[in-house]
């Protein structure tokens with residue numbers, strides 16, 4: 001039976017050491033799903049690099065809210081991808 005395109009791509013990413021980078025770059029696609037619409041309207045995902053997620057909050061109140069939720073956000077990202085994509089969450 002022929003191998004699926006998805007399997008071929010996943011193997012290529014793994015063989016070339018790009019699997020983690022691909023997952024990190026995919027996090028913004030799921031931002032609203034992960035944090036909900038309210039947070040997404042008031043906080044922007046700046047980047048995910050080397051397991052570090054950086055979130056920019058609209059104002060100090062939202063910064064505090066996200067700091068309070070950062071472990072939950074980290075856990076939801078990792079659950080979504082089925083592996084540890086994010087190890088730390090920074091809020092700016």
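Read-outs: derived from the displayed coordinates by stated rules, not from any lab. Note that the structure is a prediction, hence the values are computed from the model and not measured. A quick note on method: Cβ atoms are made from the backbone with ideal geometry, for glycine too, and the neighbour counts reach across all protein chains shown.
Quick notes on this structure:
- Considering (1) surrounded by 14 or more Cβ atoms within 10 Å (Cβ to Cβ); (2) more than 10 Å from the chain's Cα centre (by Cα), the lone condition that residue 45 does not fulfil carries the number (2).
- Only one entry in 71, 79 is in contact (Cβ under 8 Å) with a residue 12 or more places away in the chain and assigned to a helix (DSSP H, G or I), namely 71.
- Output for region 1-37, where each listed residue is out of contact with any helix residue (DSSP H, G or I) (no Cβ under 8 Å at 6 or more places or on another chain), surrounded by 11 or more Cβ atoms within 10 Å (Cβ to Cβ) and part of a helix (DSSP H, G or I): 8, 9, 11, 12, 14, 20, 21, 24, 25, 28
- Qualifying residue in region 48-57 (condition: loosely packed, with under 14 Cβ neighbours inside 10 Å, assigned to a helix (DSSP H, G or I) and more than 10 Å from the chain's Cα centre (by Cα)): no
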